[in-house]
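All remarks here apply to the structure that follows.
Read-outs: derived from the displayed coordinates by stated rules, not from any lab. As the structure is a computational prediction, the values presented were derived from the model and not from experiment. Here Cβ is always computed from backbone atoms with ideal geometry, including for glycine, and neighbour counts include all displayed protein chains.
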Amino acid sequence: MTQESSHRVVVIVDENSNPFELGCATEIFGLRRPELGRDLYDFRLCSPEPDIVMRDGFFTLTGVASLDAAEEADTLIVPNRPDVEVPRRPAVLDAVRRAHARGARLIGFCSGAFTLAEAGVLDGRRATAHWQWAPAFRRRFPAVLLETDVLFVDDGDILTAAGSAAALDLGLHVVRRDHGAEVANAVSRRLVFAAHRAGGQRQFVERPVPDLPDESLAPVLAWAQERLDTPLTVPDLATRAAVSPATLHRRFRAQLGTTPLAWLTGERLTLACRLIERGESSLELVARRTGLGTATNLRALMRREIGLTPSAYRRRFGPAAGGR
């Protein structure tokens, strides 16, 4: 039997909400996790009306809780929809404001940033939204610090994701923040989705047209992931891919929206976090096994990229934190 979680995630579903982002939230936060031996979240849906017509009348959602459920949320996911110029109903905005005032974490997927901005909780805060709506967003909400070419923004208690697929990236980021890299990796495997794409990666990723020769990075990525404990360099990756470092850089930018060095560092940090979670106590050993060199470098990178020191990460996600 799985263990119940006390952290309640509530999704507000409103008229014309997008089904895809609702599905992302359900897949990441709402499924039972027997493979982990515990459930990660207590998940609820709520709406301001008993029957809610979803985007373009695709279907009607019924039988969910009333908007009162938002009052008990530890994490509140706000509604999004394609018609961003139509104001949200006051009851929804009031629920968002009350949740923010009592310290709940707020999440906006895609155009959900408009809901957060309408509620007034984003003024002076960092956020992102789909590139298509960036001009409209800036025009309506000039006090928000909008970052347009990123997948998601984590501004502490308010998090926003750019497009539809970025909802999965942000959701996995939240799981990683709450439960550690090992659990996030297990959730991503069940989703058959990339375990980690950093929020700073670009929203729009170029794809080679089908009739071009295969330039997929998958083989070199798999090769590198098996050798993270060695002193791999960007020229090493380029040699393996049989291209110049400049060409490799262009392919990483086009296919992954990041640089080879940033990807390699991210993979090494993820492995370091998993080793710490599994009980490895020697930071020098962790640094060597992940190719990060020294404990000093490991500490600096974890502080910069994760926001926690290795010791703080161990206290939060290590074996001694077992029942978290």
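Worth pointing out:
- Long-range tail of P(r) for the range 93-172 (Cα pairs > 17 Å, %): 36 percent
- The convex hull built on the alpha-carbon positions of the chain has an orientation-averaged projected area of 17.9 nm².
- Here the label points at D157 and W131, each 7 Å from Cα along the C-beta direction, are separated by 3.3 nm in the simple model.
- Likely footprinting exposure, V153, V9, fewest C-beta neighbours within 10 Å first: V153, V9
- Radius of gyration over Kirkwood radius for the range 222-300, both on Cα atoms: the Rg/Rh ratio is 1.02.
- Packing-based exposure ordering (other Cβ within 10 Å, fewest first) of Y313, Y41: Y313, Y41
- q = 0.08, 0.12 Å⁻¹, the range 8-191: log10 I(q)/I(0) [Debye, one scatterer per Cα]: -0.22, -0.51
- Sorting the segments 82-93, 28-39, 100-111 by their mean number of nearby beta carbons within 10 angstrom, highest to lowest, gives 100-111, 28-39, 82-93.
- For L159, distant residues with modelled amide H under 5 Å away: L106, I107, G108
- Counting charges near F141 (Lys, Arg +1; Asp, Glu -1) among other residues having Cβ under 12 Å from its Cβ returns a value of +2.
- Between R299 and F58, the FRET efficiency from the beta-carbon distance, with R0 = 35 Å, is close to 0.10.
- For the pair D149 and E49, the difference between a 0.36 nm per residue extended length and the Cα-Cα distance amounts to 32.5 nm.
- Each 5 Å bin from zero holds the following percent of Cα-Cα pairs in the range 1-68: 4, 18, 23, 22, 15, 10, 7, 1.
- FRET efficiency estimate (nearest 0.05) - Cβ-Cβ, A218 to E284, R0 22 angstrom: 0.10
- Sequence-distant contacts, meaning Cα pairs under 8 Å at least 6 residues apart, place the relative contact order of the chain at 11 percent.
- Taking amide H as placed 1.01 Å from N in the peptide plane, V11 has its amide H under 5 Å from the amide H of R44, L45, C46, I77, each at least 5 places away in sequence or on another chain.
- Shown in residue order for the range 35-47 are the 3J(HN,Hα) couplings computed by the Karplus curve 6.51 cos²θ - 1.76 cosθ + 1.60 at θ = phi - 60°: 5, 9, x, 7, 8, 7, 9, 9, 10, 9, 10, 8, 8 Hz (x for Gly and Pro).
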